[in-house]
1. Could you grab me the full set of residues in the range 310-338 that are surrounded by 13 or more Cβ atoms within 10 Å (Cβ to Cβ) and among the hydrophobic types (A, V, I, L, M, F, W, C)?
2. Every residue in the range 41-68 that is part of a loop (DSSP other than H, G, I, E, B) and within 16 Å of the ligand (Cβ to nearest atom), please.
3. Name the residue that is surrounded by the fewest Cβ atoms within 10 Å (Cβ to Cβ), counting only residues in the range 200-235 that are of a type in the set (Gly, Ala, Ser) and assigned to a loop (DSSP other than H, G, I, E, B).
4. Looking at residue 111, is it in the same structural domain as residue 85 (by TED's automatic domain parsing) and surrounded by 22 or more Cβ atoms within 10 Å (Cβ to Cβ)?
5. Could you pull out the residue among 129, 96, 134 that is under 30 Å from residue 293 (Cα atoms) and either within 15 Å of the ligand (Cβ to nearest atom) or over 20 Å from the mean Cα position of the chain (by Cα) (or both)?
6. Could you grab me the full set of residues in the range 88-128 that are within 25 Å of residue 319 (Cα to Cα) and among the polar types (S, T, N, Q)?
7. Residue 154 versus (1) closer than 30 Å to residue 35 by Cα; (2) surrounded by fewer than 17 Cβ atoms within 10 Å (Cβ to Cβ): which is the lone unmet condition?
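The values are calculated or read from the model by the stated rules, or taken from the named source; none is laboratory data. Everything numeric in this text was worked out from a predicted model, so none of it was measured. Cβ: placed from backbone, ideal geometry, glycine included. Neighbour counts: every protein chain shown.
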Amino acid sequence: MNIVRSLSLGIAAATALVVTASAGTLDDVKARGMLNCGSSGQLPGFSLPDAQGIWMGFDVDYCRAVAAAIFNDPTKVKFVALSSKDRFTALQSGDIDVLSRNTTWTSSRDTQLGLNFTAINYFDGQGFIVRKSIKVNSALELNDAAVCVQQGTTTELNLTDYFRANKMRVKVVAFATLDESLKAYDTGRCDSYTTDASQLYSVRLKLAKPDDHVVLPEIISKEPLGPLVRHGDDQWFDIIKWVHFALVNAEEFNITKANVDEQVKSDNPEIKRLLGTEGNYGEQLGLTKDWVVRIVKGVGNYGEVFDRNLGQGSPLKIARGINALWTKGGLQYAPPVR
Ligand SMILES: N[C@@H](CCC(=O)N[C@@H](CS)C(=O)NCC(=O)O)C(=O)O
């Protein structure tokens, strides 16, 4: 594979190894008593072990939600830290059951890796961070800038595309790990660091002096993020997809961690179907009737997961923006349970 092609996929060496899952991931996970979940482990708000080594974050909570649905226990997850470059091979090889790691859904990744994107749980877009001291207010003022970026990401190609489209020159300074690329930016080797906007808020917290930096207003790409599974196991694909839809539907019907026990008594037919007091929709997925009750008790609804990790209840304070529910003018919309 030539460099341009691998850059355009953002998938590096992962195409070399495409293994199709045998059906039965759910059975394997149950037999193991544990979900194997791949995530970054480096990004506050998305996935980061705390001082006790307990993984926390938005991507982490998606795996906890899956474990809650299967085991009625959100702690039954083994997290595997994966860099941008290694993430797809870990899923292809079966080291993990699901990849929940700030990963952008693109056509090439969806068709060339033997993997399936399940849903978009965060609508993101690429941005730039700069030191306030360089007095730049727009990405269009970055002509001739040195920009730090991480390899194996969609970020690399977007960066060169953007500068070319705007007839500007850029010096791309790419590293394999987040630590290296961020350090290079923090120590002044680069004028800017670029990644998905959500992650800019996250990595900013890792800089020596976060307040000395500003995120520029331009969003230069679409980065729809979501979890992935291997090809070849439609039941597992359905489960990961519907865990996301359950979280979003629970928010839409105002079912929260605090009120779910009350909501189970609701007469509203849509709530009854969602919480399993009517029908057998959980069983149709290979789970139990109360799968959504388990999820919400384990991690809360989509809005609670967002607020706690990324939103107002977190140090990142990211606005819901286009990740608001469709009923509030956003893009988060889940098909109905029926
Ligand atoms: N969404 C983009 C970028 C994702 C990405 O890997 N971003 C880097 C830069 S913030 C990252 O997560 N690094 C953390 C790590 O390697 O553990 C993609 O899917 O390619």
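1. 310, 316, 318, 322, 324, 325, 331, 334, 337
2. Taking the range 41-68 as the starting set, the residues that turn out to be part of a loop (DSSP other than H, G, I, E, B) are 41-42, 44-46, 50-54, 57.
Within the range 41-68, 41, 42, 44, 45, 46, 57 meet the criteria.
3. Among them, the one singled out is 208.
4. no
5. The unique qualifying residue is 96.
6. Of everything in the range 88-128, those that are within 25 Å of residue 319 (Cα to Cα) and among the polar types (S, T, N, Q) turn out to be 100, 102, 103, 104, 106, 118, 121, 126.
7. (2)
Yes/no per residue for (1) over 22 Å from the mean Cα position of the chain (by Cα); (2) under 23 Å from residue 106 (Cα atoms); (3) of a type in the set (Asp, Glu):
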| site | (1), (2), (3) |
| --- | --- |
| 194 | no, yes, no |
| 225 | no, yes, no |
| 257 | no, no, no |
| 281 | yes, no, no |
